[in-house]
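A.B. asks: The following block contains the structure, expressed as structure tokens.
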Amino acid sequence: ALPTLQTMPKTRGARAVAEELIRDPALDLTVEQWSARVFTSPRSLRRDFLADTGLTFEQWRLHCRLSAAVEFLASGYDVDQVAARAGFASRNGFTRAFKQQFGPTPHEFSRQLSASCATSELTQRAKVARQTDELVRMVRGNGASGAPDLLPAARTPPHANDVHVLSWMYR
């Protein structure tokens, strides 16, 4: 069974950070960067996470990443892919955190999952990851034949808010 994410923070800024981390656990921003995004101080953000969830920001983010990792392992990703998608800097760090939290290593866990259950329904996060992988394969030309010709990719200039715009154009 997949672990459930612990209590969500109630405070507006902390909740916004938590929701963003659930959407993309690989986001690797510091508390200072997160607090700037939600217009609060780092101290307030840390205090809000602790008061609302009983966990520090770092503990909450780790649990979020491990929960995502379980979903990715259950959907068939290998350990290296899971480590990257869940936001761990290295496979070893991921394996150490996973083993400390759950007991078996991620590889052992995925083998137990595949042996114990037939194809299970993918979570929303895993479905999005699969769709993204398929789109990347199509763009790189590894997809089905007859795919439309794609224009060469171009970089966009950085914007004031550190966001880039990605556009797909077909001829």
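The values are calculated or read from the model by the stated rules, or taken from the named source; none is laboratory data. Note that this is a predicted model, so its numbers are computed, not measured. Neighbour counts are summed over all protein chains in view; Cβ atoms, including those assigned to glycine, are modelled from backbone coordinates with ideal geometry. Side chains included, ligands, DNA and RNA excluded: accessible areas come from the protein's heavy atoms. Shrake-Rupley method; radii C 1.70, N 1.55, O 1.52, S 1.80 Å.
A.B. asks: Please list, in order, the residues from region 10-49 whose amide nitrogen is less than 15 Å from a point placed 7 Å along the Cα→Cβ vector of residue 132.
C.D. replies: Residues 20-29 qualify, since their backbone N sits under 15 Å from the label point.
A.B. asks: Something else: Over region 9-131, with every protein chain in place, what whole percent of the accessible area is carbon and sulfur at 1.4 Å, could you tell me?
C.D. replies: The value for region 9-131 is 51 percent carbon and sulfur by accessible area.
A.B. asks: Here's a follow-up. Ordering 107, 63 by accessible area with a probe of 1.4 Å, largest first, what comes out? Before the final figure, lay out each step's value.
C.D. replies: Numbers: 107 95, 63 40 Å².
Accessible-area ranking of 107, 63, largest first: 107, 63.
A.B. asks: Let me ask you something else. Using the Cα gyration tensor of region 3-58, with a ≥ b ≥ c the square roots of its eigenvalues, what is the shape: rounded (a/c below 1.5), prolate (a/b larger than b/c) or oblate (neither)?
C.D. replies: oblate
A.B. asks: Give the accessible area for residue 37 in Å² (nearest 10); use a 1.4 Å probe, count only protein heavy atoms, and leave out ligands, DNA and RNA.
C.D. replies: 140 Å²
A.B. asks: Give me the log10 of I(q) over I(0) for region 33-102 at q = 0.16, 0.18, 0.23, 0.27 Å⁻¹, as the Debye formula computes it from C-alpha points; what are the numbers?
C.D. replies: So the normalised log intensities are -0.63, -0.74, -0.94, -1.08.
A.B. asks: Right, here's the next one. Can you check what the net charge comes to around residue 107, using other residues whose Cβ is under 15 Å from the Cβ of residue 107 (Lys, Arg +1; Asp, Glu -1)? Mind dumping the intermediate values first?
C.D. replies: On the way: positive: 91, 96, 99, 111; negative: 78, 80, 108.
Counting the neighbours of residue 107, the net charge comes to +1.
A.B. asks: Something else now. Return one whole number: the accessible area per residue of region 1-93 in Å², for a 1.4 Å probe.
C.D. replies: Ligands and nucleic acids excluded, the figure is 51 Å² per residue.
A.B. asks: Determine the order of 77, 170 by accessible area, beginning with the largest, at a probe radius of 1.4 Å. List each step's numbers first, then the result.
C.D. replies: Numbers: 77 10, 170 110 Å².
Sorted descending by solvent-accessible area, the residues read 170, 77.
A.B. asks: Would you mind calculating the relative contact order of region 1-70 from Cα pairs under 8 angstrom and at least 6 residues apart, reporting the percent as a whole number?
C.D. replies: Reported as a whole number, the value is 42 percent.
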